[in-house]
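These notes are about the structure you will find just below.
The values are calculated or read from the model by the stated rules, or taken from the named source; none is laboratory data. Computed from a predicted model, the values in this text were never measured in an experiment. Neighbour counts run over all protein chains shown; Cβ positions are idealised from the backbone, glycine included. Heavy atoms of the whole protein, side chains included, go into the accessibility calculation; ligands, DNA and RNA do not. Shrake-Rupley method; radii C 1.70, N 1.55, O 1.52, S 1.80 Å.
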Amino acid sequence: MPKGRAFAPQYASVQHRDETAEIGMWVFLATEVLLFGGLLFAYFVYRHANPAAFAEAGRHTRIVIGTANTAILLTSSFFVACAVNALQADARRTCIAMLVSAMLLGLLFLGLKAAEYAGEYHEHLVPGVDFSYVAPLADGVELFFIFYFVATSIHAVHMVIGIAVLATLAVLLRRSASTRMRAALHSAALYWHFVDVVWIVLFALIYLPGRSGT
Amino acid sequence: MTEPDYLNSAYTLRSWFFTTDHKRIAILYFATLIGFFFIGGAAATAIRIELATPQADLVSSDTYNRLFTMHGVIMVWFFLIPSIPNTLGNFIVPLMIGARDLAFPRLNLMSWYLFIAGGSVTLFAILAGGIDTGWTFYTPFSTLYSNSYVIVAVTGIFIAGFSSILTGLNFIATVHRLRAPGLTWYRLPLFIWSLYATSVILVLATPVLAITLVLLATERFLGVGIFDPRIGGDPLLFQHLFWFYSHPAVYIMILPGMGVVNELISCFSRKPVFGYKFVAWASLAIAAVGFLVWGHHMFVSGQSLLASLVFSFMSFIVAVPSAIKVFNWTATLHKGSLRFDAPMLYALAFLGLFTIGGLTGLFLACLAFDVHATDTYFVVAHFHYIMVGGMVTAYFGGLHYWWPKITGRLYSEYWARTAAVLIFFGFNLTFFPQFVLGAEGMPRRYHVYPPEFQVWNVLSSGGATILAAAYLLPMFYLGYSLFFGRRAPANPWDAPGLEWQTPSPPPEFNFESQPVVTRAPYQYGPDFAAEPQNA
């Protein structure tokens, strides 16, 4: 191996390495689409089978928190995009500030999500833990809430990973701003935006049934 | 001995367990997979011994359930799916495309650790008492009634799934970005096309299995009814989700085998593969259409007749690209300068066995016949002809073909040919009787059966003995060659592929200088030696 190269021997140049990393990230996102895709497929099957129950269950969700969280996540994505731009312009301090803002918004999102979970717990809407609902639509409502909890908790896990990645990048950026960091931030941003897009889809499926005129 | 190669560049444990060299990671996978092959094989052995007589004399019904589940789970997820991609693929792909490593070497190492972690968790489930659901984990049995370690096993498979995804991702990025200068897509060896198609499936199908297993574990753990009809859930939905992964997974298992066979048939016929572009695109066609046929596992599960008709039709369609490959391989043999070295024997065995497996697959794609044959030994025989007769044979063929490259040693040709012939003979004796048993109506997954089936079962168990011995043989002569085999030259088969243009075993970063490719693959012939590719 030629010593002292800034990049691994399988690459011809730094640019070659960074472009390859980006392809890797897109392929990973394709995997993620299918992960959530399977879940959404199951959701649609059951929503199709229980339209009335899903509409009724949807009305028990907290649309104010959900909407606030959507705004929070979209804003955090804006900050992450700004961070990418800032690093391109070599404004490291701005970049770190943007990343920290995005992380804080991410944490705020998780906090609100936890408050929402607590509310549902008090209303006995947590399947498998404490669930009671007056028939006749109880079965369908329970199915809705199973999907609600599975989907939002998998999304939350993605959020936690995203926050950890942004935190790592922010710490590393304090030391140096190599081109490698630029590529890493770019991939992290792709991931963050993707998790954001997933939330937008989940928002429509969780909070809007039963509130859109039906 | 003069130049350091990847094997003798360092000897410490650290240099193996923290290596990012694709060749060393391939060796780590080799060693791991041998272990899993033996565990899965031990379960198969117990099954065949039990089935030698119509009564239950070795194990109880419950133990039998656990045995065939163990056999299926280990062989599918911990042997067949990673077999060729993670061993031969890991080793050969960068060499074949003239790269110094895969695109993401650390991710590659991480995939091995995930595989070890997933494998350990699943093995724990087996040691703790086993799983009795069958490898398909059908609900509601797996979630409501089974008293075995379903959640633990499923967790192991979930973790191993991410190992698959990372491998697929790595190959896709590598093939897109790391090809040597001049190595255009249509100059790629067909092994690369096959692994590329495999990787697409790994990346797109595995996450669906992951989410399905999450739902399954949630249902079982929380006692809620996602797939439970009592609260409006749908057990059929589980089957749809499961087979959406598990049918494409069949192509994960066979496509790499087809890739190996391209290399072998072309090399030992001394001819380019006939109809290169058709074979290349057939791989991608199999990957694409393979996503649209899963319902043929559910013809008797209660899906609508329309759905069954569509899935039946698509199952016939997906056979077309496979048939294109078989015809093209046969055409490649035609008027070739055939050499019957051991790898070629495996390739020819593959051709015959895969064709039988494929044609009986068409029987099963017919709705009327499938209703008769569902859950019988006919199905068992069919998929073993593809998975074992096809994939495992190709795996052994590829292992022999690239063994000199991997180890730098030559094995005993005599013993290698003997093993190949024994495997072909033992395999047919094991599984052909199962077609007859299935056609006569013997259901799978039972360990007692009416006495009139005994003849065929004894034949099958006898064949399994031969097969087991034949699979053990390479352990000895390949193991012997490691220490006492003659040193292999760089290119023992006179093949034009890039992997043969570097010493055996290859140096740590594969090539002394960056190879440049100027022509199509498989240029066997008298002018080949005059034009070294490695500029």
- Item | Computed FRET value (nearest 0.05) for A:T168 with B:H334, which takes r as the C-beta separation and R₀ as 60 Å | 0.55
- Amide H of B:T376: which non-local residues (sequence gap of 5 or more, or other chain) have their own amide H closer than 5 Å, using H built in the peptide plane? B:R444
- Message: More than 26 angstrom separation, counting every C-alpha pair in segment B:291-443; what % is that?
- Response: 37 percent
- Message: Using a 1.4 Å probe on the protein heavy atoms only, what accessible surface does B:T206 show? Give it in Å² to the nearest 10.
- Response: 0 Å²
- Task: Largest first and to the nearest Å, give the Cα extent of segment B:18-501 along each principal axis.
- Result: 64, 47, 44
- Item | Simple label model, 7 Å out from Cα along Cβ direction - B:I34 to B:F18, nm | 2.6 nm
- Output the direction-averaged projected area (hull surface divided by four) of the convex hull of the alpha-carbon atoms of segment B:132-258, in nm². 8.5 nm²
- Quick one: P(r) of segment B:12-70 from all Cα-Cα pairs, 5 Å bins, percents rounded to integers, in order of increasing distance. 4, 16, 18, 14, 9, 8, 9, 8, 7, 4, 1
- Message: With a 1.4 Å probe and all protein chains kept in place, how do A:Y117, B:Y480, A:Y43 rank by accessible area, largest first?
- Response: B:Y480, A:Y117, A:Y43
- Applying the span-like rule to chain A (DSSP H, Cα extent along axis at least 18 Å, Kyte-Doolittle mean at least -1.0) gives A:14-49, A:63-88, A:92-122, A:138-175, A:179-207
- Message: Please report the accessible area of B:V421 (heavy atoms, 1.4 Å probe, ligands and nucleic acids excluded) in Å², nearest 10.
- Response: 90 Å²
- Have a look at B:V76, B:G361, B:T167 and report the one farthest towards the positive end of the charge dipole of segment B:18-501, computed about the Cα centre with Cβ charges (Lys/Arg +1, Asp/Glu -1). B:T167
- DSSP loop (so not H, G, I, E, B), at most 13 other Cβ within 10 Å: list which trypsin sites (Lys or Arg not before Pro) in segment B:279-340 pass both filters. B:K335, B:R339
- Message: Can I get the semi-axes of segment B:200-337's equivalent ellipsoid? Compute them from the C-alpha gyration tensor as square roots of 5 times the eigenvalues, in angstrom, largest first.
- Response: 39, 16, 9
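Report the Rg/Rh value for the protein assembly as shown, based on alpha-carbon coordinates and the Kirkwood definition of Rh.
On the way: Rg = 27.2 Å, Rh = 27.6 Å.
For the protein assembly as shown, the value is 0.98.
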- Item | Rounded FRET efficiency, nearest 0.05, which uses the C-beta distance separating B:V455 from A:R211 and R0 of 51 Å | 0.15
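If you put +1 on each Lys and Arg Cβ and -1 on each Asp and Glu Cβ, how big is the dipole of segment B:18-501 around its Cα centre, in Debye rounded to 20?
Values: 24 positive and 18 negative charges, 341 e Å.
About 1640 debye.
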- Message: Name the residue from A:T61, A:A42, A:A102 whose Cα lies farthest towards the positive end of the charge dipole of segment A:15-206, charges +1 on Cβ of Lys and Arg and -1 on Cβ of Asp and Glu.
- Response: A:A102
- Which values, in whole Å and largest first, are the semi-axes of the equivalent ellipsoid of segment A:1-115 obtained as the square root of 5 times each eigenvalue of the Cα gyration tensor? 39, 23, 9
- Here FRET efficiency (C-beta to C-beta, A:F41 to A:V129, R₀ 30 Å, nearest 0.05) is 0.75
- Task: Excluding residues on the same chain fewer than 8 positions from B:K405, give the lysines whose Cα lies under 29 Å from its Cα.
- Result: A:K3, B:K23, B:K271, B:K277, B:K325, B:K335
- Note on the structure: Carbon plus sulfur, as percent of the 1.4 Å-probe accessible area of chain B, comes to 71 percent
- Message: Which one, B:T393, A:A188, B:Q239, is farthest towards the positive end of the dipole of the protein assembly as shown when Lys and Arg carry +1 and Asp and Glu -1 on their Cβ?
- Response: A:A188
- Which value in deg cm²/dmol, rounded to the nearest 500, describes the helix-derived mean residue ellipticity at 222 nm for chain B, given -39,500 (n - 2.57) per DSSP H run of n ≥ 4 and division by the residue count? -21500 deg cm²/dmol
- Report, in debye and to the nearest 20, how large the dipole of segment A:15-206 comes out about its Cα centre when Lys and Arg carry +1 and Asp and Glu carry -1 on their Cβ. 800 debye
- Give the distance, in whole Å, between the Cα centre of segment A:142-212 and the Cα centre of segment B:406-469. 51 Å
- Task: Under 19 Å from a label point 7 Å along Cα→Cβ of B:C366: give me every residue in segment B:295-313 with its amide N that close.
- Result: B:296-300, B:308-313
- Item | Accessible-area order (highest first, 1.4 angstrom probe) of the listed residues A:L107, A:L34 | A:L107, A:L34
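Compare B:S504, B:S111 by solvent-accessible area with a 1.4 Å probe and give them largest first, with all protein chains kept in place. Walk me through the numbers before you get to the answer.
Numbers: B:S504 20, B:S111 0 Å².
Of B:S504, B:S111, the descending order of accessible area is B:S504, B:S111.
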- Query: What's the extension gain from B:Q514 to B:Y145 if we count 0.36 nm per residue and subtract their Cα-Cα distance?
  - Reply: 126.9 nm
- Query: Tell me, what is the 1.4 Å probe accessible area of B:I84, in Å² to the nearest 10?
  - Reply: 0 Å²
- Task: With a 1.4 Å probe and every protein chain left in place, work out the accessible area per residue of the protein assembly as shown in Å², rounded to a whole number.
- Result: 38 Å²
- Take the Cα coordinates of segment B:41-169, assign each an equal point scatterer, and use the Debye formula without solvent to give log10 I(q)/I(0) at q = 0.21, 0.22 Å⁻¹. -1.14, -1.21
- Extension gain, B:E440 back to B:I49 (0.36 nm per residue minus Cα-Cα distance, nm): 138.6 nm
- Item | For segment B:432-535, alpha-carbon Rg relative to the globular expectation (2.2 N^0.38 Å, N residues) | 1.89
- Query: Relative to the Cα centre, what is the charge dipole magnitude of the protein assembly as shown, using +1 at the beta carbon of each Lys and Arg, -1 at the beta carbon of each Asp and Glu, and rounding to the nearest 20 debye?
  - Reply: 1920 debye
- Query: List for segment B:138-184: residues with 10 Å² or greater reduction in accessible area, all protein chains versus chain alone, probe 1.4 Å?
  - Reply: B:F162, B:I165, B:L169, B:I172, B:A173, B:H176, B:R177, B:L178
- List the equivalent ellipsoid semi-axes of segment B:275-355 in whole Å, largest first, each obtained as the square root of 5λ for an eigenvalue λ of the Cα gyration tensor. 33, 14, 9
- For segment A:15-206, what number results from the quotient of the Cα radius of gyration and 2.2 N^0.38 Å? 1.17
- Item | Long-range amide H partners of B:R409 with built H, under 5 Å | B:A488
- Query: Quick one: buried accessible area between B and A, total over both chains, 1.4 angstrom probe, nearest 100 Å²?
  - Reply: 3000 Å²
- Query: Which whole DSSP H helices in chain B pass both tests: a Cα extent of 18 Å or more along the axis and a mean Kyte-Doolittle value no lower than -1.0?
  - Reply: B:22-50, B:61-75, B:105-127, B:150-177, B:190-222, B:235-269, B:276-289, B:305-333, B:342-365, B:393-407, B:413-439, B:454-484
